[in-house]
Amino acid sequence: METVLFHLMPYADLDLKAGRDHGTVWVNLPNSNFDPVKGHELYNRYLDELEYGEELGFDAIAVNEHHQTAYGLMPSPIVTASALARRTQRVKIAILGSALPLRDHPLMVAEEHAMIDVISGGRLISGFVRGIGAEYHTFGVNPTFSHDRFHEAHDLIVRGWTEPGPFAFQGRHYNVQYVNVWPRPFQKPHPPIWIPSQGSKETIDWAAHPDRRYTYLQTFSPANVVQRYLDMYRDTCKGFGYEAQDRQLGWAVPVYVAATDEAARREAKPHFEAFRNVFLKMPVEMLLPPGYTSRESLKNVMKAKAAIFGDITLEKSIELGLIVCGSPETARRVLEDHWKHMRFGNLLVLCQFGTLPADLTRRNMELFAREVMPAVKQLASKAVPA
Amino acid sequence: MAFSQRFIDIDGCRLCLRRGGSGAPLLYLHGASGVPAVMPFMEKLAARFDVLVPEHPGFGLSDEPAWLENIHDLAYFYLDLLRALDLKDVRVVGSSLGGWLALEMAVRDTSRMKSLVLVGPAGISVPGIQPGDIFLWSPEQVVRNLFFDQKLAEQRLAEPVTPELLDMTLKNRHTVARLGWEPRLHDPHLPKWLHRIDVPVKIVWGEEDKILPVAYAREFGKLMPKAQVEIVPRCGHLPQAEKPDLFCDIVFRFAGAKG
């Protein structure tokens, strides 16, 4: 099992009441709520935390992309991944991912990712996403073309990385006379590609295709939902006539470890609830603009509206598997249990979430790395056929 | 006045067409909410016109053709429809998105048109004015912002939402986004060609329109100096629904009944 330290870099100094009163911290929460001086401290603290991940023995450290939100301060994961590339030596760096349809030109993504791969000597894991629904409101990109643009941008990027340039690319959304990416990526044929998703059949069908076999990451969902989608991925692979390897599956989940279950719950509670009930919150119209998902998926979300959009306590979240929280022993047991059912080959842990402060984050990372990670890694290694 | 409902095939698209009344042909082009049923103002118009009320491709009971990617596709489709049905001297009445559609048709070809009545049409942008964000508003906010008279909004909100109606609403919404998400409900190239419209144009606007504020009417007045602009006081985005008698009088006076 590969363990990945994932960071969202939230604006932890947010006035939570302002976020709550506004109803969402996405799209239109006034940016007067952001203090650049506090932002300066947070960015440097968060980058330190990710760099510390290498020392603690994580296989990879991961950043992502979100726009115009207090949920995460990384409109460009290129910036954070670049900073990390120069400050680390061995650890892989995952961009989970770049939001392709939001970019005017996918060749920029091909170039930037290739640069990081070359600078880091082949340590980049490339992730591609469509961006969440809110970001289609933010950028004005038409959500009904989101899938088309994503697929076409992906094709352009991978061809740019792998085919000798220059060549011409003719698409519906992108037309390039001379595709000729300098630098070419360090890894051959190209950096591994991971596909983070909140769960979508369309995405699974595409990622699992034998031409791609991309690692599918299910992010921030109740454990039973994670299992459903990971099973769907495996079944889809079978439908394509091959068996999915564990490394094609990943689960991204917040984790909090403390000396005892009681202490872990007490310490994590306000910070996780801020993450879940303030930072993640948005109205359904913002989350799922027309065309972003199929209308069937949209109807399912609308049916489950109360469960998805209502507040959830830490205790309930633990029960649902929205967070792994407890003593090292509990965390080991819970992760092992989930692994037995889901057999994911990548575990992405979010050791900082919501308003979790620096001291608790650091202790959480250390306890997880020392007391939980070795068991998790070993557990998985048993499953890999010799 | 009874309306018939049938399906016709044009450009590979099965289209739901309601038709009623007799007289000169009047083509009603609906807005973003579609036309799930015949409305009172249509009945009134049918007393003097042969009223055609299609559901646009991508709306209601009509197909969602793969070729439908922008408003221009829809404009060419309807020009094909006028030819396929051999309609002449057509009074085109378009509301909101349908008004934009009427303009896109008319800058291309007015040979089968007699006149245009545009009701709170989209299609242009006005510097400094943003249209209401129909995609970010909740369904309730959308309905409330459609009407000046909140009693009408309450009535609309009290109507039961059947699964069929929900499906249709989501389908309509999808198509509206397809055509008008970005640039938001307008075509930046349209104003360059509005001078090509050589039939009489009437623009009707609810003074209290919260979707496309009345500033749009003034901008249209500047862009189309020969068009008549009529502002309806104490009225929202849909004068035809909110003030049907007044609206139909405007149409009768402007578009006449004789071919």
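The values are calculated or read from the model by the stated rules, or taken from the named source; none is laboratory data. Note that the structure is predicted; figures quoted are calculated from it, not measured. Glycine also receives a Cβ, built like all others from the backbone with ideal geometry; neighbour counts cover every protein chain displayed.
Across the range A:296-316, the number of residues qualifying as in a helix (DSSP H, G or I) and either more than 14 Å from every other protein chain (Cβ to nearest Cβ) or among the hydroxyl-bearing types (Ser, Thr, Tyr) (or both) comes to 7.
Put simply, of B:137, B:205 the only residue that is farther than 28 Å from residue B:90 by Cβ, at pLDDT 95 or above and in contact with an Asp or Glu (Cβ under 9 Å, 6 or more places away or on another chain) is B:137. For the range B:141-172, a residue qualifies if it is within 11 Å of chain A (Cβ to nearest Cβ), exposed (fewer than 12 other Cβ atoms within 10 Å of the Cβ) and under 30 Å from residue B:214 (Cβ atoms), but none of them does.
Close contacts from the range B:174-197, counting a first residue that is more than 8 Å from chain A (Cβ to nearest Cβ) and a second that is of a type in the set (Asp, Glu) and part of a loop (DSSP other than H, G, I, E, B), with Cβ to Cβ under 9 Å and a gap of 6+ residues or different chains, come to B:175/B:64; B:179/B:69. When each of A:199, A:131 is tested for being in contact with a helix residue (DSSP H, G or I) (Cβ under 6 Å, 6 or more places away or on another chain) and surrounded by 20 or more Cβ atoms within 10 Å (Cβ to Cβ), the lone residue that passes is A:131. Restricting the range A:202-224 to residues that are over 16 Å from the mean Cα position of the chain (by Cα) and without any contact (Cβ under 8 Å) to a residue 40 or more places away in the chain, the residue that is nearest to residue A:60 (Cα to Cα) is A:213.
Can you pull out the residues in the range B:73-92 that are under 17 Å from residue B:115 (Cα atoms) and either outside any helix (DSSP H, G or I) or of a type in the set (Phe, Trp, Tyr) (or both)? Selection gives B:78, B:86, B:87, B:88, B:89, B:90, B:91, B:92. Selection of the range B:218-259 for residues being touching a helix residue (DSSP H, G or I) at 6+ places or on another chain (Cβ under 7 Å) and part of a loop (DSSP other than H, G, I, E, B) yields B:224, B:227, B:235, B:236, B:237, B:238. Could you tell me whether residue A:4 is closer than 18 Å to residue A:254 by Cα and touching a strand residue (DSSP E or B) at 6+ places or on another chain (Cβ under 6 Å)? Here the answer is yes, as residue A:4 does meet what is asked.
Looking only at residues of the range B:201-210 that are buried (at least 17 other Cβ atoms within 10 Å of the Cβ) and out of contact with any helix residue (DSSP H, G or I) (no Cβ under 6 Å at 6 or more places or on another chain), we find that the one that is farthest from the other protein chains (Cβ to nearest Cβ) is B:201. Checked against (1) assigned to a loop (DSSP other than H, G, I, E, B); (2) away from every other protein chain (no Cβ under 14 Å), residue A:293 meets all criteria but (2). Applying the condition of being within 14 Å of another protein chain (Cβ to nearest Cβ) and in contact (Cβ under 8 Å) with a residue 60 or more places away in the chain to the range A:254-290 and asking which residue is farthest from residue A:9 (Cα to Cα) yields A:290.
One residue stands out among those in the range B:1-18 that are part of a strand (DSSP E or B) and touching a residue at least 60 places away in the same chain (Cβ under 8 Å): the one that is surrounded by the fewest Cβ atoms within 10 Å (Cβ to Cβ), which is B:8. For beta carbons closer than 7 Å, sequence separation of 6+ or different chains, a first residue in the range A:168-190 that is closer than 18 Å to residue A:123 by Cα and a second that is acidic (Asp, Glu) and surrounded by 18 or more Cβ atoms within 10 Å (Cβ to Cβ), the qualifying pairs are A:185/A:117; A:186/A:117; A:187/A:117.
Screening the range A:1-102 for helices (runs of 4 or more DSSP H) wholly inside it with 3 or more residues that are within 15 Å of residue A:123 (Cα to Cα), in contact with a Leu (Cβ under 9 Å, 6 or more places away or on another chain) and modelled with pLDDT of 95 or more returns the ranges A:36-56, A:77-87. Go through (1) in contact with a strand residue (DSSP E or B) (Cβ under 9 Å, 6 or more places away or on another chain); (2) closer than 29 Å to residue A:352 by Cβ; (3) part of a loop (DSSP other than H, G, I, E, B) for residue A:252 and report which single condition fails. Residue A:252 satisfies all of (1) in contact with a strand residue (DSSP E or B) (Cβ under 9 Å, 6 or more places away or on another chain); (2) closer than 29 Å to residue A:352 by Cβ; (3) part of a loop (DSSP other than H, G, I, E, B) except (3).
Annotation: residue A:296 fulfils all but one of (1) surrounded by fewer than 22 Cβ atoms within 10 Å (Cβ to Cβ); (2) farther than 30 Å from residue B:64 by Cβ; the unmet one is (2).
Across the range A:136-165, the number of residues qualifying as touching a residue at least 40 places away in the same chain (Cβ under 8 Å) and either within 13 Å of chain B (Cβ to nearest Cβ) or part of a strand (DSSP E or B) (or both) comes to 12. Only a single item in (1) under 19 Å from the mean Cα position of the chain (by Cα); (2) over 21 Å from residue B:253 (Cα atoms); (3) in contact (Cβ under 8 Å) with a residue 24 or more places away in the chain is not met by residue B:89, and it is number (2).
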